[in-house]
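What follows is a set of notes on a single structure, which appears directly below.
The values are calculated or read from the model by the stated rules, or taken from the named source; none is laboratory data. Source: prediction; values computed, not measured. In this analysis, Cβ positions are derived from the backbone assuming ideal geometry, glycine residues included, and neighbour counts consider all displayed protein chains.
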Amino acid sequence: MTKIMYIKASPRGNRSHATHVADFFVEECLRINPETEVLVRDLFTMDLPLLDGAMLEAKYNIMHGREHTSEQRDRWRAVERVIEDFKSANRYVFAVPMWNFSIPYHLKHFLDVISQPTYTFNAGPQGYEGLLKDKKAFVAYARGGEYPAGTPHEAFNFQAPYLEFMLGFMGITDVVTVAVEPTLGDMALRDAARDKALQTARKVAADF
């Protein structure tokens, strides 16, 4: 059974171009396969565990087999629950706007929580190995400007390279992306980019 986790990384609701495309994609997936289960995770309303000093002390005590308290076990269990929830899906959909040339801080927080050794990746003599190799992802990006490959502006785009690196790091290498850009300025260009993204989303949903 297909189980999609839809991760919303924009707080703008219906005003978000990334969310608009990702919503459409999820609706297409449900139209094609009504039995698909969809889990929506809005990162701006989720209560993600804080990765503070106390949490890191709990993490290393537990993962290194050191003596730890029941409070530390409870703290780390909060991280494990987020990871277990993420791993319960076999498909992922992300709605990701560009913030300051990168990703929103709530998405960075989420990635920091779920990217944990022995849970989503292993590290050994041969290097790193992602553990989520059987999963797929669709990412809808939105960007105020344009950052085409092969142009000087490409160097300013830390959004897509970082997210796709982190997904690949965890083993999720089957990733299809679309981008609505530029969302600022010429409305005709914006609308054309959004229409193109929607068309691609429809095609990708057929085999997702």
Go through (1) on the phi < 0 side of the Ramachandran plot; (2) at pLDDT 95 or above and name the single condition Gly145 misses.
(2)
Quick one: would you say Ala140 is aliphatic (A, V, I, L, M), at pLDDT below 95 and in contact with a helix residue (DSSP H, G or I) (Cβ under 9 Å, 6 or more places away or on another chain)?
no
Residue among Val113, Val139 that is among the β-branched types (Val, Ile, Thr) and part of a strand (DSSP E or B)
Val139
Scanning segment 114-154 for residues that are crowded, with 19+ Cβ neighbours inside 10 Å, within 20 Å of Lys3 (Cβ to Cβ) and among the aliphatic types (A, V, I, L, M) gives Ile114, Leu132, Ala137, Val139, Ala140
If I filter segment 42-90 down to residues being loosely packed, with under 12 Cβ neighbours inside 10 Å and of a type in the set (Val, Ile, Thr), which single residue comes out as farthest from the chain's Cα centre (by Cα)?
Thr69
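With respect to Glu129, determine if the residue is acidic (Asp, Glu), modelled with pLDDT of 95 or more and either over 21 Å from Ala22 (Cβ atoms) or within 12 Å of the chain's Cα centre (by Cα) (or both). Reasoning before the result, please.
Values: acidic (Asp, Glu): yes; modelled with pLDDT of 95 or more: yes; either over 21 Å from Ala22 (Cβ atoms) or within 12 Å of the chain's Cα centre (by Cα) (or both): yes.
Considered against the rule, which asks whether it is acidic (Asp, Glu), modelled with pLDDT of 95 or more and either over 21 Å from Ala22 (Cβ atoms) or within 12 Å of the chain's Cα centre (by Cα) (or both), Glu129 comes out as yes.
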With in contact with a His (Cβ under 8 Å, 6 or more places away or on another chain) and not small (Gly, Ala, Ser) as the only criterion, which of Pro34, Pro49, Pro97 stands out?
Pro97
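For the structure I just gave you, tell me whether Ala193 is farther than 23 Å from Thr36 by Cα, at pLDDT 95 or above and in a helix (DSSP H, G or I). Before you say what the answer is, go through the steps one by one.
Working: farther than 23 Å from Thr36 by Cα: yes; at pLDDT 95 or above: no; in a helix (DSSP H, G or I): yes.
No.
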Of everything in segment 12-40, what is in contact (Cβ under 8 Å) with a residue 40 or more places away in the chain and closer than 12 Å to Ala95 by Cα? Give them in sequence order.
Arg12, Ser16, His17, Ala18, Thr19, His20, Val21, Ala22, Asp23, Phe24, Phe25, Val26
